[in-house]
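Q: Below: one structure in structure tokens.
Any read-out appearing in this document is the output of simple, stated calculations on the displayed coordinates, not a laboratory observation. Predicted model, so just to flag it, every value in this text is computed and none were measured. Cβ: placed from backbone, ideal geometry, glycine included. Neighbour counts: every protein chain shown.
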Amino acid sequence: METPIAEPPQNGKHEGRKDSGRGPRLREIPFRLLVPNLITVLAICAGLSGVRLAIEGRFELAVGMVLLAAFLDGIDGRIARMMKATSKFGEQMDSLADIVNFGVAPALVVYAYLLDQARSIGWIAALIYVIAAGLRLARFNVMIERPVKAPWQNEFFVGVPAPMGAMLVLLPVYLGFLGVEPDKPFAYVAAAYTVLIGYLLISRLPVWSGKSGTSRIRRDLVLPMILVVVLYVAMLMSFTWEVLVLTVAAYLVFIPISARLWHRRYGTLTIEEDAHDDGNGGNGLDRSI
């Protein structure tokens, strides 16, 4: 005869939990924390869609998607700070989006439109630009993680920022839309230009950022500035490629002006952190790049 096994006494509290069939409750996340990450994901989708459109030969839409990706990727961090929704996860997502939208996508669009006619030279130029964009973004990430920042970091970028690099490298495509024949000689010129933009990304040229807290606009100039911005947007919507060409030309002219401003203030033409960190003792990780 088998001896019956006594069942352990049931605790009402545990029994009720068992009957409910619920696991441990997951921590809820406020929706505002998701908004910047959703914008980052949309930016990646736009950039990769631009590559697909370029492969299909729809280059105007491709350029539009790449510029949209650059715009979204440029505002996600600001929106995160404004909504107090910054996080380490968001920082990593943003870094991934940056290399896609500011490096891979514009380079592949230019290659599909024009650089492929230069064959291996065109491909090498595209690779150089993408690698330069990656190095530029890595250097930027290292610099912003410093516990103490040099004062000049609030006023100047080290080299051309990656979002602007994406707009600059697309110049040959803008010119093609305006009637410049995308032939083989132009492809070689575009390859050299692409390498030049890659160099500007990783250079130590000082580029004024306009983010300084000391930058102020006189009260009587506020409305004219707003009108200028509205006029620029209206012109961009009506004469897209002409305005983009003029914007790129103006920015390229602005670079030596920015270097001149730096030279008058610090006495050099490039940013050398050993001389310009004001004794803040950076971690030294980015001194070689």
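Q: What nm distance separates the two modelled labels at LYS84 and ILE55, each placed 7 Å from Cα along Cα→Cβ?
A: Once both label points are built, they end up 4.4 nm from each other.
Q: Right, something else. Just name one of LEU72, PHE140, PRO224: the one whose Cα is farthest towards the positive end of the charge dipole of region 31-276 (beta-carbon charges, Lys/Arg +1, Asp/Glu -1).
A: The one lying farthest along the dipole's positive direction is PRO224.
Q: If you don't mind, there's one more thing I want to ask. Suppose every K and R has +1 on its Cβ and every D and E has -1 on its Cβ; what is the size of the dipole of region 31-276 about the Cα centre, in Debye to the nearest 20?
A: Values: 21 positive and 17 negative charges, 165 e Å.
Dipole of region 31-276, to the nearest 20 debye: 800 debye.
Q: Indicate the gyration tensor shape class of region 31-276 (rounded, prolate or oblate), computed on the Cα atoms with a ≥ b ≥ c the square roots of the eigenvalues: a/c under 1.5 is rounded; otherwise a/b larger than b/c is prolate and the rest oblate. Intermediate values should be presented prior to the final figure.
A: Values: a/c = 1.38, a/b = 1.27, b/c = 1.08.
Rounded.
Q: Over all distinct alpha-carbon pairs, what is the Kirkwood Rh of region 82-183 in angstrom? Spell out each step's value before the answer.
A: On the way: mean 1/r = 0.0648 Å⁻¹.
With all distinct Cα pairs of region 82-183 included, I get 15.4 Å.
Q: HN-Hα J couplings of region 52-69 from phi, Karplus 6.51/-1.76/1.60, θ = phi - 60°, integer Hz, Gly and Pro as x?
A: Here the 3J(HN,Hα) series is 4, 4, 5, 4, 7, x, 9, 6, 5, 5, 4, 4, x, 5, 5, 5, 5, 4 Hz.
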